[in-house]
Amino acid sequence: MSEYQHDTIVPFKNSDTPKKQQVAEMFDKIAFRYDFLNRFLSGGIDRNWRKKAIRELIHSKPKTILDVATGTADMPILMNRILQPDQITGIDISEGMLELGKQKITKAGLEKTIWLEKGDAESIHFPDASFDAVTVAFGVRNFQNLEHGLAEMHRVLKPGGRLVILEFSKPNRGFFLPFYKFYLRLVAPRIGKIVSGNADAYKYLNDSVNAFPEGKTLIGILNKTGYKNTYFKNLSLCICTIYCGNK
């Protein structure tokens, strides 16, 4: 049984396959339009969110970084520019997303610094204490079991290493809330269908954001999973949130 409602939210409600398989299939289907839709639906602000999350690692100066649910490698490419680590490894369950990410890395000439491979966030195939930092941007909502994923990322962190999560959240009050709900529930799925031919992925975005245990609730789960010195920072009227914790 899943402990959190978020774990039960799936892209294809009529499918009997496990959530992680559905997520992989969904991202394979929309990979060819993923970057464009990210920029378009966020008005380009998603890159600034990623940069702010990465800057939470500046003082710890990590040399080895694991980026979980790396997608098309936006985070590793930005991390290389901002942090200049020795090695960045990105894992994702979607081969379609990874293929596009590898093309971007080759185009940028970063093959010696950034390595992408297929991998499951809830069963990370690296030894204990392998990385100075672990990041995940817009990926924890897609975990089939949230605590398993957080525990695995904790396991592969070196003692003193830092986790940085970037994830969508919901404005909790004010004039902006009804506009946000309307946009996420109706506008984003329609644009997603027009551009990518897949409305399910952006309906799932709305459902998973609404079900995700955000803010202080997620901090409590991080503490339960073993992280220390945890905190969060809201961005852009609480549309997005950065969560940090140390091992």
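Remarks
- Taking each residue of region 24-47 that is over 18 Å from R141 (Cβ atoms) and looking for partners that are at pLDDT 85 or above and polar (S, T, N, Q) with beta-carbon atoms closer than 6 Å, six or more apart or interchain, yields D35/T72.
- Long-range neighbours under 7 Å by Cβ, at least six apart or interchain, first residue surrounded by fewer than 16 Cβ atoms within 10 Å (Cβ to Cβ) within region 206-232, second part of a helix (DSSP H, G or I) and at pLDDT below 95: A211/Q5; A211/H6
- Of the residues making up region 103-112, at least one is at pLDDT 95 or above, on the phi > 0 side of the Ramachandran plot and assigned to a loop (DSSP other than H, G, I, E, B).
- Of the residues making up region 71-91, those that are within 16 Å of the chain's Cα centre (by Cα) and without any contact (Cβ under 8 Å) to a residue 60 or more places away in the chain number 10.
- Residues located in region 37-50, provided they are assigned to a helix (DSSP H, G or I), modelled with pLDDT of 70 or more and either farther than 17 Å from M79 by Cβ or hydrophobic (A, V, I, L, M, F, W, C) (or both): R39, W49
- Test: D67 is surrounded by fewer than 23 Cβ atoms within 10 Å (Cβ to Cβ) and either among the small types (G, A, S) or closer than 20 Å to R141 by Cβ (or both): no
- Criterion applied to S123, S94, S130 was being among the polar types (S, T, N, Q) and crowded, with 20+ Cβ neighbours inside 10 Å, and the one residue passing it is S94.
- For region 208-235, residues that are small (G, A, S) and either farther than 21 Å from K181 by Cα or at pLDDT 95 or above (or both) total 2.
- Being buried (at least 19 other Cβ atoms within 10 Å of the Cβ) and modelled with pLDDT under 85 is a property that K203 has.
- Among the residues of region 119-158, those that are under 11 Å from V68 (Cα atoms), in contact with a strand residue (DSSP E or B) (Cβ under 8 Å, 6 or more places away or on another chain), of a type outside the set (A, V, I, L, M) and in contact (Cβ under 8 Å) with a residue 60 or more places away in the chain comprise D120, T135, F138, G139, G149.
- Within region 41-61, being exposed (fewer than 13 other Cβ atoms within 10 Å of the Cβ) and touching a Phe, Trp or Tyr at 6+ places or on another chain (Cβ under 9 Å) holds for no residue.
The values are calculated or read from the model by the stated rules, or taken from the named source; none is laboratory data. For clarity, every value in this text was computed on a predicted model and none was experimentally measured. Note that each Cβ is placed from the backbone with ideal geometry, even for glycine, and that neighbours are counted across all protein chains shown.
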